[in-house]
Amino acid sequence: MNDHIEGGPVTAEPTDPADQSRLTKRLDVLLTNLGVAGPFARDCLLAACVAGMTFTLMAALFWVVTPPGEIVLGPVRAWLLVALGVGQALLLCLRRVRPLHCLAGIVGLQVAMIALSPPEVTIRGFAPFVVAYTIGVLLPARTAFVLVGAAVAVEATAAFGAAAVTTPDLLLSAVGPAGSSALSNLGAVVVGNYVATRRRYTQLLRLQAADAVRVQQAKVRAAIEAERTQMARELHDVAAHHLSGMVVQAAAVHRLIDRDPEAAKSGVAWIRSQGKETLNNLRLVVGVLRGTPADGSGGGDTPGHDGEGSAPVPGLAVLDDLVRTARDLGTPVEFVGEGPPRPVPPIADVALYRMVQESLSNARQHAPGAPVLITLRYLPREVSLAVVNGPPARRPEPAARTSSGVGLIGMRERAQLIGARFAAGPTTEGGWSVTVTLTSKGSDPS
């Protein structure tokens, strides 16, 4: 809690159970169950306990422990000293709600006790130590030491004044009360300030740990989202390429069923092989995303391979197979390679292959019959890939006239992933162009 005392904010001791030890937590629960909740109520209980201890200690000192005649003190003065000590303890009920008032009251009563005490005796209760500790906990170190130092100075002045009046041995009679005040009060401030610093340090560690947990959770969520995006992109590329070709071939088979049954059977066989290839590619994608190799247990044809077996990872090395498949579907495709081929990083290899695959699928859907030119250039410091198609040779199917733009978004994301420059847009002839340029820095495997 924050209390405003004489124009200045004072921060009370932390009462959050998370900042307390196991024993303190148990005591906190016990007091709460007893109905003693809040700083003031608990300080009142503390004040009553300290008052009882002070009364017991001072009564034992005056009438039980000390031999008769050891301390020259009349019964009235003895009872006054006991009352002042108990009054000091009862003022502790204000130690957190009004700490400065509590300190002033306890110091004032201590001055009265010094004046009433015999010269040869130093009498102090527990309250001065407790209030000095509280000041050290609640206030900044400099302020706490100034306030408690002022209290020590007041008590020392009272001790010297009382000694000057009651005894000729001024130094000997004043050093005891003044030294006791300095040691107990300043020592209590040091302890309180250490406890407050320790609490703040523990709270800072707790906040840092909570921030680290939040950052880690955010990273996990980002990784999950990135994984989902990657899965969606890969599945879209595989499904869009193969299924669009199967749809085109199925339409052709439908037209040939009555006119040329043998050609229709060949088309159905091709569709079946493409279905197997699609399943194998989907297995490969899921296996890569899970971090496990595809086992290819389903069999089927794969790009660049015949017969059963696991599908190879697609890349620029099997672009010829991709071009051959596109030609089989009726797309006039020309592939031009320039420069000596060289290996590129695996991620970039797959990404460039998928971009060509997506571009051919888009050309087949949105520009059926249009010629497509694929140009792959291996330059000294770059690898450039361009896929350009002309205007459609025939009217697209109604389902292909609208596009969700997912394929274009996926290609752009792949280019960003490998650090390549990406450009896509219509050509002056009415076609479409996709260009990806991978620099040597972006293609550096390290």
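Annotations for the structure displayed:
Residue-by-condition table, conditions (1) at pLDDT 90 or above; (2) surrounded by 15 or more Cβ atoms within 10 Å (Cβ to Cβ):
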| site | (1), (2) |
| --- | --- |
| G85 | yes, yes |
| V97 | yes, yes |
| I106 | yes, yes |
| L116 | no, yes |
| T134 | yes, yes |
| L139 | yes, yes |
| A150 | yes, no |
| A156 | no, yes |
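- Members of the range 73-83 found to be touching a Leu at 6+ places or on another chain (Cβ under 9 Å) and modelled with pLDDT under 80, listed by number: L73
- Odd one out for T122, checked against (1) open to solvent by less than 50 Å² (accessible area, probe 1.4 Å); (2) touching a Pro at 6+ places or on another chain (Cβ under 7 Å): (1)
- Single residue of A420, A348, A386, A415 found to be within 24 Å of A226 (Cβ to Cβ), of a type in the set (G, A, S), open to solvent by less than 60 Å² (accessible area, probe 1.4 Å) and modelled with pLDDT of 90 or more: A420
Condition check ((1) under 20 Å from T122 (Cβ atoms); (2) at pLDDT 80 or above; (3) part of a helix (DSSP H, G or I); (4) not small (G, A, S)) across all residues:
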| site | (1), (2), (3), (4) |
| --- | --- |
| T24 | no, no, yes, yes |
| L45 | no, yes, yes, yes |
| V64 | yes, no, yes, yes |
| I71 | yes, no, no, yes |
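- The set of residues in the range 412-436 that are under 16 Å from R354 (Cβ atoms), in contact (Cβ under 8 Å) with a residue 24 or more places away in the chain and touching a strand residue (DSSP E or B) at 6+ places or on another chain (Cβ under 7 Å) comprises A415, I418, A420, V434, T435, V436.
- Qualifying residue in the range 221-234 (condition: at pLDDT 80 or above and surrounded by 15 or more Cβ atoms within 10 Å (Cβ to Cβ)): no
- In the condition set (1) modelled with pLDDT of 65 or more; (2) open to solvent by less than 50 Å² (accessible area, probe 1.4 Å); (3) not hydroxyl-bearing (S, T, Y), G296 is compliant with all but (1).
- Taking (1) under 48 Å from the mean Cα position of the chain (by Cα); (2) free of Cβ contacts under 8 Å to residues at least 60 places away in the same chain in turn, V121 satisfies each apart from (1).
- Matching residues, the range 171-212, being surrounded by 15 or more Cβ atoms within 10 Å (Cβ to Cβ), aliphatic (A, V, I, L, M) and either outside any helix (DSSP H, G or I) or modelled with pLDDT under 80 (or both): A174, V175, A178
- Residues in the range 366-383 that are within 13 Å of L316 (Cα to Cα) and crowded, with 19+ Cβ neighbours inside 10 Å: I374, L376, V383.
- Test: residue in the range 120-136 that is under 30 Å from Y194 (Cβ atoms), among the hydroxyl-bearing types (S, T, Y) and part of a helix (DSSP H, G or I): yes
- Selection from the range 326-369 of residues that are assigned to a loop (DSSP other than H, G, I, E, B), touching a residue at least 60 places away in the same chain (Cβ under 8 Å) and touching a helix residue (DSSP H, G or I) at 6+ places or on another chain (Cβ under 6 Å): L329
- Qualifying residue in the range 54-61 (condition: surrounded by 13 or more Cβ atoms within 10 Å (Cβ to Cβ), out of contact with any strand residue (DSSP E or B) (no Cβ under 8 Å at 6 or more places or on another chain) and modelled with pLDDT under 75): no
- Among the conditions (1) under 18 Å from D328 (Cβ atoms); (2) modelled with pLDDT of 85 or more, R381 misses just one, which is (1).
The values are calculated or read from the model by the stated rules, or taken from the named source; none is laboratory data. These numbers were taken from a predicted model, which means no experiment stands behind them. Neighbour counts are summed over all protein chains in view; Cβ atoms, including those assigned to glycine, are modelled from backbone coordinates with ideal geometry. Just so you know, the surface numbers come from the protein's heavy atoms only, side chains and all, with ligands and any DNA or RNA stripped out. Shrake-Rupley method; radii C 1.70, N 1.55, O 1.52, S 1.80 Å.
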